[in-house]
Amino acid sequence: MQGFFVGPPSGSPQNDMQVSFSTHCETVMEARMSEAIQQDARGVENHLRRIEALLESIFRLGQLDLKVSVRRAAPGDAPMEGAEWLVDFTGSDASLLLEAHAELLDALAYIASKSARLEEDLYRKIVFDSNNYRKTRAEELKLMARMAAERVVESGEPFALGSMNPAERRIVHLALQDQPQVHTESQGMGAQRQVVILPVSNPKRL
């Protein structure tokens, strides 16, 4: 006869102990997860305070009429996917940040992130913006990506977009990730790195 195991009857002390132990473990795990989330939030806020102080010092020394504010991104307010915090610049000199495709804005973001020693995962959660430039730029990039993808599908030839920073390249990659007829690659080095859109049926490279 094949053996079988008979567990403790429901309501027995042993069964009650197992349920109690399981409940206790779940409670402890939830508490630790909550604590980890709070510690992560405090860590981000510490980085942001250092970034804010650094930027204010740069503006003061450069005699720039710029103010910086830091806030959590409200639902639907984030200019980029995955962004949780906004570092926003205002003032009469804000237009300077957006000249030449926002080169100065990108430079400030780079200096601040390196100074605060932000890891890549954390850097992606923080967006440096002024006059809602990032959100407008993100929509432009998505439209550009879709139009370029249509051209690639029709021609069967790869198409290279202009040089972009990592955040902008990511927007393009995400915009086309569900397009079955094309795929995207980042090619090039440093500031010349760009997104290339290739047809799935023709793996030829530029």
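Read-outs: derived from the displayed coordinates by stated rules, not from any lab. Only a predicted model underlies this, so the values are computations on that prediction, with no experimental measurement involved. Heads up, the Cβs are rebuilt from the backbone with ideal geometry, glycines too, and the neighbour counts pull from every protein chain shown.
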Checklist outcome for this item: Taking the alpha-carbon centre of each part, the distance from region 37-107 to region 147-193 in Å is 27
Checklist entry - Cα atoms only, region 140-186: Rg and Dmax in Å? => result 9.9, 28
Checklist outcome for this item: Quotient of Cα radius of gyration and Kirkwood radius for region 83-159, i.e. Rg/Rh, equals 1.10
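For region 57-187, what relative contact order do you get, as a whole percent, if you take Cα pairs closer than 8 Å and at least 6 residues apart? Let's see the in-between values first.
Numbers: 130 pairs, mean separation 28.6, N = 131.
Over region 57-187, the number comes to 22 percent.
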Next on the checklist: Sort 73-84, 136-147 by packing, meaning the average of other beta carbons within 10 Å per residue, with the highest value first.
Outcome noted: 136-147, 73-84
Item to check | Charge sum, other residues only, whose C-beta stays under 11 Å from PRO79's C-beta, Lys/Arg counted +1 and Asp/Glu -1 | outcome: -2
Checklist outcome for this item: Neighbours of ALA100 by Cβ distance under 14 Å: Lys/Arg at +1, Asp/Glu at -1, summed charge -2
